[in-house]
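Asks: Pasting a structure below so you can have a look.
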Amino acid sequence: MYSPRAFTETDLTELDRLIARDAFITLVTVVDGLPFASHLPVLYARDGERIVIEGHWARPNPQARHAGPALLIVHGPHAYLSPGWYADKEEAARVPTWNYAVAHLHGVLETTDDAARLASIVDRLSQVNEARVGNDWRFEHDRDDHVRQLRGIVGFRFAVERVELKFKLSQNHPVANVEGATAALQRLGGEDNLAVAELMRERLARRAE
């Protein structure tokens, strides 16, 4: 990933925040020289620098046979920035841009057909996501019809070996430009605009420290 120094993050708590906000990722593998991507909900666990991500595919998904090196993309908030929001828009001939936060995780993909591991993945995914919507569906380990449905999926465990965090948030602009863009995003509202504005404010505060 192209990541100028001004936009590079190294603090893994920022990765924690991205995953907590949206644990629906893009998983990319390469087979016979061609990339293949799946979009999947995942479980995330970090202990210091050790990061493990789990999930599953539908069994017919070709990627379920793609064990080995892989790239997992965590998508953060993003927002369009108008040059009209910058204090120096005329003298600096500013142009439109896009601010965003994203993580690229490089590692090794391991697949599994083990029924107990599949049941654990489905159970934990349902616990996390049912809680988010205020419901209580659970995988029932002693229900034959639930267990039978495990035959339709393949699980995976992704061991992360390298993390790239890019937070492009106008760090290369004068303070007045950042303040103008942040205020405009707040006025516009919307989840992504507000999230990007908050991240921009945080980085602006670091300049003053």
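The values are calculated or read from the model by the stated rules, or taken from the named source; none is laboratory data. Note that the coordinates shown come from a computational prediction; the quantities given were computed from them, not determined experimentally. A quick note on method: Cβ atoms are made from the backbone with ideal geometry, for glycine too, and the neighbour counts reach across all protein chains shown. For accessibility, only protein heavy atoms count, side chains too; no ligands or nucleic acids. Shrake-Rupley method; radii C 1.70, N 1.55, O 1.52, S 1.80 Å.
Asks: Grab the DSSP H runs of the chain that are 4 residues or longer, score each as -39,500 (n - 2.57), total them, divide by all residues and round the 222 nm result to the nearest 500 deg cm²/dmol.
Replies: Calculated from helices alone, the mean residue ellipticity at 222 nm is -10000 deg cm²/dmol.
Asks: With every protein chain kept in place and ligands, DNA and RNA left out, what is the accessible area per residue of the stretch 25-168? Probe 1.4 Å, answer in Å².
Replies: Per residue, the stretch 25-168 has an accessible area of 54 Å².
Asks: Determine the share of the stretch 26-124's accessible area contributed by carbon and sulfur atoms, expressed in whole percent, with a 1.4 angstrom probe.
Replies: Ligands and nucleic acids excluded, carbon and sulfur reach 58 percent.
Asks: Over what distance in Å are the Cα centres of the stretch 1-64 and the stretch 135-209 separated?
Replies: 12
Asks: If you place +1 on the Cβ of every Lys and Arg, -1 on the Cβ of every Asp and Glu, and leave all else neutral, what size is the dipole of the chain about its Cα centre, to the nearest 20 Debye?
Replies: In debye, rounded to 20, the chain gives about 300.
Asks: Figure the gain on full extension for ASP47 and ASP114 (residue separation times 0.36 nm, minus the Cα-Cα span) and round it to one decimal in nm.
Replies: Difference between extended and current length: 21.7 nm.
Asks: Quick one: if you stick a label point 7 Å off each Cα along the C-beta vector at GLU191 and VAL95, how many nm between them?
Replies: The two pseudo-label positions are separated by 3.2 nm.
Asks: Can I ask one more? At a temperature of 37 °C and a viscosity of 0.692 mPa s, determine how fast the stretch 7-115 diffuses translationally according to Stokes-Einstein, using the Kirkwood radius over alpha-carbon pairs as Rh; express D in µm²/s, rounded to the nearest whole number.
Replies: 201
Asks: Something else: Just round it to a whole percent: the fraction of Cα-Cα distances in the stretch 107-209 exceeding 20 Å.
Replies: In whole percent, the long-distance tail amounts to 63.
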